[in-house]
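Bear in mind that the values in this text are calculations on the coordinates, not laboratory data. A quick note: this is a predicted structure, and the numbers were derived from the prediction, not measured. Virtual Cβ from ideal backbone geometry, glycine too; neighbours counted across all protein chains shown.
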Amino acid sequence: MNDSQSAVIPSLTLNNGREIPVVGFGCAFGDWTGKDEMQGFRPEESWRPMTLALEAGYRHFDTAFCYGTERHLGDIVGRALAEGKLTRDELFVTTKLAHPPTPPHVAISHRLTWDWRKVDDLAARVADDFDRSKEMLGMGHVDLLLMHWPGTFENQDAGFAKEARLAIWETFESFVERGDAHSIGVCNFTQSHLDDLIEAGRRVPAVNQTEYHPYCQDPELLEFCRSHSIIVEAYAPFASGAFGLLKDPVISEISEQLGRSTGQVILKWHLQQGRVVLPKSGNAKRIAQNLELFDFEIDEEQLARIDGVKPSEAQRSAADPTTVL
Ligand SMILES: NC(=O)c1ccc[n+]([C@@H]2O[C@H](COP(=O)([O-])OP(=O)(O)OC[C@H]3O[C@@H](n4cnc5c(N)ncnc54)[C@H](OP(=O)(O)O)[C@@H]3O)[C@@H](O)[C@H]2O)c1
């Protein structure tokens, strides 16, 4: 394990003054890119990649209750903690709660997702899941806790959706007060979902984690988040490997000019525009490569050319959050 490597990964400052490393390792394993072939999550695939990521110098890990990888991450990190190779304060661990069902889920995910409308006491359910998350991770507090989605997909009741979000957020705020979560944020929130929390006078989320890559850009959402000091985390920074993004001709040309892989160019485009990135890879070479981002720059003209590959309609590897009330 190379501690000096972790030291060179820069951080951004969250709106509560805490630091977040700009590159985190994506800990969701499985296949969710084929819209009709959702296979659910496959945590059993995570053992080797997450071990390699820790060895390569990642100290920021992005998992979730529904990924089923909290236990695996807890074991891998726990071993390093036990062997004295790592201390808890070197790590930045994110988990997420309150993922609605996205059928057809096979594997384990159906037990780890739930329909917000069918839960009598949302606060109690979230608190129970968080207890289980912390138990699986075995690291005491989590550094960042995220509401995984703004609501349940089929819900047609806007009033319910807004109240449910507020109830979950209030519970998250209580976790911060008792020190179990150092920071709290949201995922897949549109400007309107964010407005609901902000207008209710609640704690402003530290982070909005959302699908973002050259084929799925939303400059208005970026600007809204910037104006409220909300850090945007780009999930699926490579579009989960779909749509031919990693072979895009414009990005390929820039990658040749810079002598870097298209993956590195995409990650650097995100970083230079102020987003945290959460790349996932199962390949040792690419796991390491996705951290080698701090000895080159993309110039303004090249950045603008990458902006320009934006299609007229966003291509998403995950569900469209604008469909959630
Ligand atoms: N909040 C949410 O709702 C949400 C939703 C989706 C994802 N996420 C988070 O975001 C993380 C990343 O998203 P993701 O897992 O969907 O996909 P991703 O990181 O966008 O893409 C992963 C794919 O890119 C390939 N890849 C990785 N590095 C590469 C490189 N340098 N060059 C070429 N190909 C490369 C991988 O192949 P190899 O394995 O062969 O390298 C894999 O096929 C997740 O693990 C999760 O933590 C959050």
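Select from PRO219, TRP149, ALA206 the residue farthest towards the positive end of the dipole of segment 140-222; place +1 on Cβ of Lys and Arg, -1 on Cβ of Asp and Glu, and compute about the Cα centre.
ALA206
Under a cut-off of 23 Å between alpha-carbon atoms, report the lysines in cross-link reach of LYS310, not counting same-chain residues fewer than 8 places apart.
The reachable lysines, counting only those whose Cα sits under 23 Å from LYS310, are LYS35, LYS247, LYS268, LYS280.
Do the sum for the chain: with -39,500 (n - 2.57) for every DSSP H run of n ≥ 4, divided by all residues, what is the mean residue ellipticity at 222 nm, to the nearest 500 deg cm²/dmol?
On the way: 12 runs with 121 residues, N = 325.
The helix contribution divided over the chain gives -11000 deg cm²/dmol.
Could you list PHE160, PHE189 so that the one with the fewest beta carbons within 10 Å of its beta carbon is first and the one with the most is last?
Values: PHE160 15, PHE189 27.
Ascending Cβ contact count within 10 Å gives the list PHE160, PHE189.
Report the antiparallel proportion of the DSSP beta bridges in the chain as a percent, rounded to a multiple of 5.
In the chain, DSSP labels about 20 percent of beta bridges as antiparallel.
Tell me, what is the FRET efficiency for ALA304 and GLN191 to the nearest 0.05, using R0 = 25 angstrom and their Cβ-Cβ distance as r?
Values: r = 24 Å, r/R0 = 0.96.
The pair ALA304/GLN191 has a calculated efficiency of 0.55.
Helix hunt in the chain: which complete DSSP H runs extend at least 27 Å axially by C-alpha with mean Kyte-Doolittle at least -1.0?
Both cut-offs are met by 158-177.
Quick one: putting +1 on the C-beta of Lys and Arg, -1 on the C-beta of Asp and Glu, what dipole do you get for the chain around its Cα centre, in Debye to the nearest 20? Each step should come with its number before you reach the end.
On the way: 32 positive and 49 negative charges, 122 e Å.
Its charge dipole is roughly 580 debye.
Using Cα-Cα distances under 8 Å and only pairs 6 or more residues apart, what relative contact order does the chain have, in percent?
Value for the chain: 19 percent.
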